[in-house]
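The values are calculated or read from the model by the stated rules, or taken from the named source; none is laboratory data. The structure presented is a predicted model; accordingly, all values stated were derived computationally and were not measured. A quick note on method: Cβ atoms are made from the backbone with ideal geometry, for glycine too, and the neighbour counts reach across all protein chains shown. Just the protein is used for accessible areas: all its heavy atoms, side chains included, with ligands, DNA and RNA removed. Shrake-Rupley method; radii C 1.70, N 1.55, O 1.52, S 1.80 Å.
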Amino acid sequence: MLLNELLSNIALNKSLNDIEILNINDLTHANKNELSYIDGEKHIDALKNTNAGAVFVTEKLLDFVPKTTIAIICDNPHLFIAYSSKYFKKDLISKIKIPPVIGKDCSIEDKVSIGSNSIIADNAVILSGAVIGENVTIGKNCIIYPNVIIYNDTIIGEDCIFHAGCVIGSDGFGYAHTKDGRHIKIHHNGNVIIEDDVEIGANSTVDRAVFGSTIIKKGTKIDNLVQIGHNCQIGENSILVAQSGLAGSSELGKNVIMGGQSATAGHLKIGDFATIAARGGVSKSIEGGRVYGGFPLILQKDWLRLQAKILKFIKK
Amino acid sequence: MLLNELLSNIALNKSLNDIEILNINDLTHANKNELSYIDGEKHIDALKNTNAGAVFVTEKLLDFVPKTTIAIICDNPHLFIAYSSKYFKKDLISKIKIPPVIGKDCSIEDKVSIGSNSIIADNAVILSGAVIGENVTIGKNCIIYPNVIIYNDTIIGEDCIFHAGCVIGSDGFGYAHTKDGRHIKIHHNGNVIIEDDVEIGANSTVDRAVFGSTIIKKGTKIDNLVQIGHNCQIGENSILVAQSGLAGSSELGKNVIMGGQSATAGHLKIGDFATIAARGGVSKSIEGGRVYGGFPLILQKDWLRLQAKILKFIKK
Amino acid sequence: MLLNELLSNIALNKSLNDIEILNINDLTHANKNELSYIDGEKHIDALKNTNAGAVFVTEKLLDFVPKTTIAIICDNPHLFIAYSSKYFKKDLISKIKIPPVIGKDCSIEDKVSIGSNSIIADNAVILSGAVIGENVTIGKNCIIYPNVIIYNDTIIGEDCIFHAGCVIGSDGFGYAHTKDGRHIKIHHNGNVIIEDDVEIGANSTVDRAVFGSTIIKKGTKIDNLVQIGHNCQIGENSILVAQSGLAGSSELGKNVIMGGQSATAGHLKIGDFATIAARGGVSKSIEGGRVYGGFPLILQKDWLRLQAKILKFIKK
């Protein structure tokens, strides 16, 4: 779509220059045919270095737009990228179907759906009611229980197990907000990548990235009813116990343990070998190798001391 | 069913008067062919003004029953309405099938079920494994991802998106309790109404009303693994973040934000533009326009101050 | 499989004696053709009395192995039983299919899957997309809503109701851990037993036992999005409100109430008629007949007093 056609669709003034826009993307990854936006000053460095063909930008940050990038001035770049996103969303069902490729020795029950252009490697077991979307790749020896849903574009490694009803690749919970309080969906063109030897529990949910990928690295084990927000990255061999939740863009190191009903606030990092006790609520980045608990999060040993003090306090 | 036949079925004495009972309903909405009950003194005004044909009532509240309503005295009206409810539950599968009506330009994949007498408006996309019950109405341009389940009688507006595995219209968690500790199901004859432009996340659940409707108003966005109890009402443009839960009969104003893993205790009101921070637990009605947090809930700024104090306290 | 073949598969030295091993099991239930393990000193009595054909045991506990049992010394018995478990996991799909038996007057919709050798008793209603595994028994008058998944070997009583998307019998979240931080799956050969008159809410999950059974006794009612870990036992007429979670091997008495978003830490007992208020976190065994709340858990009346004190504290 031509940039000026897009701008007129979303009620913005035309640009002096016009280019072909093929997609939206973040500042770091956008190319000269992609449209991006800057959402706050913390991304100024990314803006300075962007290769995006065009960016939505507030007047205040205009000077940081590279000369090779068309600047589109607006009050709320996040909102305008949301408005734009719907013009680049992919079809859920391809018009041209490419038959999926199924490997050797697979056991695929009746009532399984496998979408166009997907690849199922050898020895897969896929049980009734599972729905594999389009352009999905599933490595060798995976077990997919009934009624698992894998959205389009998901990439899955070898030896993975997905329990019944889990959902991989649903849209992230991302909206921009209008002045009158409406929420404009940011269509999620990213995907989910799951590496080898990952197990995901029943009815857990893993959201796709808005741009790029939500990534779960090899050996990670996820229990039932766990929520993984969009653009999360989970390191190798991590453990997420039932009903825990990661808000969007949480980044976990390797061998992180998230206890039952624990959670993160999103856009933060948890270091390697950190343990979050049950119900712990992580609201800022924490270093690895330690055991944390409570909400707000403190060291678990301090939380235990605190609770002992509180027990005394109650008896006064 | 004749009232006296019903009463003899549930081991109560016959009434002096007998009428045809066609359904059960709450005091406010019951008509002369409906049976109701009073559950505690807070509903005395509704009792005084009821048009119900008959009511279960304790001896103590007998005087408040209108002359036109048959009073059936019992110890536990809630229990007897529960016993009665099973005689009025609807068939899950109609004996007489009315073919569903499907609008223009819909993309409905194989392996989708659409029940008797349902209506799917134009441009719907319904993916594999979705199950649409009977007497369901779905407005234009809706996207229904795989394995979504929409129970009978649900009414859905236009431009809605339902992510994989979400469940709309399941029975509320409503039981009456016998003296010996058993729980008697109250069959839920209500439904769910979802207005335009609502998005519901993967594996979230929305219960139907016991009587009347659970209502989600236009523009509201619900994340993954969220629980909406029976008879809730959610105002326009509200936001419910992942793993939050609303207990039955919660009433949210417009533009309310429920943070991740937050919850309400049910039978309470949250004013317009209120924000509940992550993990906030709402146990009584609160006014709008403010930011709350903690459990028990306080203003979020007070909660933050409190936590700072507690951090000092721990260091003593 | 011969014991020595198994041991060589998992890189352990051969035993002086060799026997046929048909399964793995816990110390108490293992027979002479089964392999077991001891995981910590608290199980010494079970070890002394085991009838297991062979056990993995640390050198330290070697003296407690009965003379009739072959002792296999290793550093980490839990890890080696995990390595062994994969040789005894059952096929998910039987090679020889035995047609399921369906009772009288059942209403089973199209698009329902019922596995080999399963039995559905009279008057069942099973709606579209439900997947009943192999060797499942379902008693009379059950209602199974769309897209419910019941894993192999589950036993269900009469008059049960399973709401859409709930998952019964998924693998428990059980792994042993290697020195280099990998998690080795313990294949779960146990099952789930659900007695009469149990109702389970939409998208709730009940894990199968690693050995033996996860048991939900008659009359218990479970709300939406509830997690029941492996090997839990839930007594009669208990109530589990939405988003509550039981960690593995929790044992609830009868008429226990778990409030919304409450949880247990696993391997603990809750006495009859105990009530856990919403958000209560049970981390050790508690006696019945009382109302608890908070996390760490205290008596609810103390929790309320504590919160009142904290409110004063904040105002200082």
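Key figures for this structure:
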item	result
Matching residues, region A:253-305, being in a strand (DSSP E or B) and farther than 16 Å from B:G259 by Cβ	A:I257, A:M258, A:K269, A:I270, A:T275, A:I276, A:I286, A:V291, A:Y292, A:G293, A:I298, A:L299
Filter pass, A:T205 being of a type in the set (S, T, N, Q) and closer than 24 Å to C:G181 by Cβ	no
Every residue from region A:200-222 that is in a strand (DSSP E or B), under 18 Å from A:Y145 (Cα atoms) and within 14 Å of chain C (Cβ to nearest Cβ)	A:I200, A:T205, A:K221, A:I222
Flag if A:I138 is open to solvent by less than 10 Å² (accessible area, probe 1.4 Å) and within 14 Å of chain C (Cβ to nearest Cβ)	no
Flag for B:I257 being modelled with pLDDT of 95 or more, within 14 Å of chain A (Cβ to nearest Cβ) and under 19 Å from A:H183 (Cα atoms)	yes
Residue that is within 14 Å of chain B (Cβ to nearest Cβ), in contact with an Asp or Glu (Cβ under 7 Å, 6 or more places away or on another chain) and surrounded by 23 or more Cβ atoms within 10 Å (Cβ to Cβ), where the choices are C:L240, C:L252, C:L225	C:L240
Subset tally (residues that are away from chain C (no Cβ under 14 Å) and within 30 Å of C:V112 (Cβ to Cβ)) for region A:182-199	2
Criterion (more than 14 Å from every other protein chain (Cβ to nearest Cβ) and not in a strand (DSSP E or B)) met by exactly one of C:I93, C:I72, C:I98	C:I98
Unique match (being of a type in the set (D, E) and within 14 Å of chain C (Cβ to nearest Cβ)) among A:D122, A:D110	A:D110
Residues of region A:42-52 that turn out to be closer than 17 Å to A:F80 by Cα and in contact with a helix residue (DSSP H, G or I) (Cβ under 7 Å, 6 or more places away or on another chain), as a count	1
All positions within region C:251-280 that are of a type outside the set (A, V, I, L, M, F, W, C) and touching a Leu at 6+ places or on another chain (Cβ under 6 Å)	C:T264, C:G280
Considering residues of region A:228-237 that are open to solvent by 10 Å² or more (accessible area, probe 1.4 Å) and over 22 Å from A:K140 (Cα atoms) only, the residue farthest from the other protein chains (Cβ to nearest Cβ)	A:Q233
Check on A:A52, of a type in the set (A, V, I, L, M, F, W, C) and surrounded by 15 or more Cβ atoms within 10 Å (Cβ to Cβ)	yes
Lone qualifier among A:T68, A:T28, A:T58, A:T50 - being within 20 Å of the chain's Cα centre (by Cα) and hydroxyl-bearing (S, T, Y)	A:T28
Test result for A:K179, away from chain C (no Cβ under 14 Å), of a type outside the set (F, W, Y) and more than 30 Å from A:N31 (Cα to Cα)	yes
Criterion: within 24 Å of A:G174 (Cβ to Cβ), of a type in the set (V, I, T), modelled with pLDDT of 95 or more and touching a Phe, Trp or Tyr at 6+ places or on another chain (Cβ under 9 Å) - qualifying residue of A:I10, A:I24	A:I24
Condition check for C:K14: open to solvent by 40 Å² or more (accessible area, probe 1.4 Å) and either more than 24 Å from the chain's Cα centre (by Cα) or under 18 Å from C:H187 (Cβ atoms) (or both)	yes
Close pairs from region C:115-126: first under 16 Å from C:D197 (Cα atoms), partner of a type in the set (K, R), Cβ under 6 Å, at least 6 apart	C:A121/C:K140; C:D122/C:K104; C:D122/C:K140; C:N123/C:K140
Residue count, region A:70-89 (criterion: without any contact (Cβ under 8 Å) to a residue 24 or more places away in the chain and surrounded by 14 or more Cβ atoms within 10 Å (Cβ to Cβ))	2
Answer residue from region B:158-173, given it is open to solvent by less than 10 Å² (accessible area, probe 1.4 Å) and part of a loop (DSSP other than H, G, I, E, B) and is farthest from the other protein chains (Cβ to nearest Cβ) among those	B:C160
All positions within region C:119-133 that are open to solvent by 20 Å² or more (accessible area, probe 1.4 Å) and in a strand (DSSP E or B)	C:I119, C:V125
Selected residue (criterion: surrounded by the fewest Cβ atoms within 10 Å (Cβ to Cβ)) from residues of region A:288-314 that are more than 9 Å from chain B (Cβ to nearest Cβ) and farther than 26 Å from A:I234 by Cβ	A:K312
Failed item, numbered, when A:S116 is tested on (1) in a loop (DSSP other than H, G, I, E, B); (2) open to solvent by less than 20 Å² (accessible area, probe 1.4 Å); (3) facing another protein chain (nearest Cβ under 9 Å)	(3)
Extreme residue, surrounded by the fewest Cβ atoms within 10 Å (Cβ to Cβ), among residues of region C:24-38 that are without any contact (Cβ under 8 Å) to a residue 40 or more places away in the chain and in contact with a helix residue (DSSP H, G or I) (Cβ under 6 Å, 6 or more places away or on another chain)	C:T28
Filtered residue count, region B:269-287, keeping only those that are of a type outside the set (D, E, K, R) and open to solvent by 40 Å² or more (accessible area, probe 1.4 Å)	4
Lone unmet requirement of (1) among the polar types (S, T, N, Q); (2) in the same structural domain as C:I149 (by TED's automatic domain parsing); (3) under 26 Å from the mean Cα position of the chain (by Cα) for C:N123	(3)
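Here is a yes/no grid of residues against (1) open to solvent by 20 Å² or more (accessible area, probe 1.4 Å); (2) hydrophobic (A, V, I, L, M, F, W, C):
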{"site": "C:I184", "(1), (2)": "yes, yes"}
{"site": "C:H188", "(1), (2)": "no, no"}
{"site": "C:D197", "(1), (2)": "yes, no"}
{"site": "C:K218", "(1), (2)": "yes, no"}
{"site": "C:L246", "(1), (2)": "no, yes"}
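Residue-by-condition table, conditions (1) over 20 Å from A:L297 (Cβ atoms); (2) touching a residue at least 24 places away in the same chain (Cβ under 8 Å); (3) polar (S, T, N, Q):
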site	(1), (2), (3)
B:V241	no, yes, no
B:L268	yes, no, no
B:T275	yes, yes, yes
B:I286	yes, no, no
B:L299	yes, no, no
B:L306	no, no, no
